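Values quoted throughout were computed directly from the atomic coordinates according to the rules given, and no laboratory measurement underlies them. Only a predicted model underlies this, so the values are computations on that prediction, with no experimental measurement involved. Glycine also receives a Cβ, built like all others from the backbone with ideal geometry; neighbour counts cover every protein chain displayed.
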Ligand SMILES: *[C@@H]1O[C@H](CO)[C@@H](O)[C@H](O)[C@H]1NC(C)=O
Ligand SMILES: *[C@@H]1O[C@H](CO)[C@@H](O)[C@H](O)[C@H]1NC(C)=O
């Protein structure tokens, strides 16, 4: 009798967590979501070779390569909400619904993976508006709703329990989240703080930049993408430092991913949850190897090849006439415009800068 109940208890314990191979590893199934480091893509929809692009491969390829955190800027674009970079006139990545539909397709094919979406809400849309779009993309069903609006690092579920529950998508919104209206659209800055973005030096100081809560008990994201000042049409703007990608996206060495993570770990005693990168594919699978090491799991064996849209560092040429007014492109931008397409796109760079746009 005793043996039977012991066996029963053991089998119940074993079956308590059905998930295996969570985000590629059995060991991660038992790990809290908040105790895992994920590689993320800055402006994940801004794919191509233009001045406004931050990635060379599309979101499906990003996920196939091992990216598990996707950052997007959302903008009003007529009747729709689109994923755009600084403005939809500058870079229009299409509707948020189409983007989310691609994420849903990938997630449905990969039932053992937890994916994080970090949304910048440029035009302060209400959670209910996003909810409708997630429903249309079939992603609302996969979204995780925490028990409270703000969770400390010890209140997150394990990857295994997220996967078992089928709520494998964690959605953060930088402003206007409303737990009572849509509990699965999670307020970013009371749950996760960020280092500053648009860093221009390779020191990666790790200071808390944007936060709205108890930073020491929240998750954190490092904006590990390096910019440089560029002169365009006589104006200084910040663009991705593509010449240094081989250093920035390396696993170790001064200025690398490992370098910033160890700086942060010295300060905070734990690793970042999200490492946000530009052109994550520049260094093969180095970022994924680095993250696996942080997570204490074996390095992934897949090889990451650079995207076809290899970014060039060409200077803009030509002086096409401006085609948009400054007021229409003003906004609380995040991120940056790579060099090389501004003039071609007919942008009034002077106006952009004067208009207070941040990249
Ligand atoms: C966090 O992860 C580390 C391994 O990286 C592990 O030793 C520790 O037990 C984990 N803590 C929790 C609460 O999951
Ligand atoms: C990065 O590339 C530059 C120029 O292409 C080169 O001089 C430098 O040695 C490279 N650094 C690393 C760490 O590979």
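Restricting the first residue to region 239-258 and requiring it to be farther than 20 Å from residue 292 by Cβ, which pairs with a second residue that is part of a helix (DSSP H, G or I) and within 8 Å of ligand 2 (Cβ to nearest atom) meet a Cβ separation below 6 Å and a spacing of at least six or different chains?
These pairs meet every condition: 255/247.
Collect the residues in region 120-143 that are in contact (Cβ under 8 Å) with a residue 60 or more places away in the chain and either under 24 Å from residue 273 (Cβ atoms) or in contact with a helix residue (DSSP H, G or I) (Cβ under 7 Å, 6 or more places away or on another chain) (or both), keeping them in residue-number order.
Within region 120-143, 120, 122 meet the criteria.
In region 29-49, which residue that is more than 13 Å from residue 279 (Cα to Cα) and not in a helix (DSSP H, G or I) is farthest from ligand 2 (Cβ to nearest atom)?
My answer is 32.
Out of the residues in region 144-158 meeting the condition of being more than 16 Å from ligand 1 (Cβ to nearest atom) and touching a residue at least 12 places away in the same chain (Cβ under 8 Å), tell me which one is surrounded by the most Cβ atoms within 10 Å (Cβ to Cβ).
Checking each candidate, the answer is 144.
Identify, please: which residue in region 158-169 is under 20 Å from the mean Cα position of the chain (by Cα) and assigned to a loop (DSSP other than H, G, I, E, B) and is, among those, nearest to ligand 2 (Cβ to nearest atom)?
Among residues in region 158-169 that are under 20 Å from the mean Cα position of the chain (by Cα) and assigned to a loop (DSSP other than H, G, I, E, B), the one nearest to ligand 2 (Cβ to nearest atom) is 168.
Of everything in region 209-246, what is surrounded by fewer than 17 Cβ atoms within 10 Å (Cβ to Cβ) and under 22 Å from residue 299 (Cβ atoms)? Give them in sequence order.
Within region 209-246, just 246 meets the criteria.
Evaluate the following for residue 188: is it buried (at least 16 other Cβ atoms within 10 Å of the Cβ) and farther than 21 Å from residue 115 by Cβ?
When the stated conditions are applied, residue 188 does not pass them.
What's the number of the condition residue 102 fails, among (1) touching a residue at least 40 places away in the same chain (Cβ under 8 Å); (2) touching a strand residue (DSSP E or B) at 6+ places or on another chain (Cβ under 7 Å); (3) more than 19 Å from residue 175 (Cβ to Cβ)?
(2)
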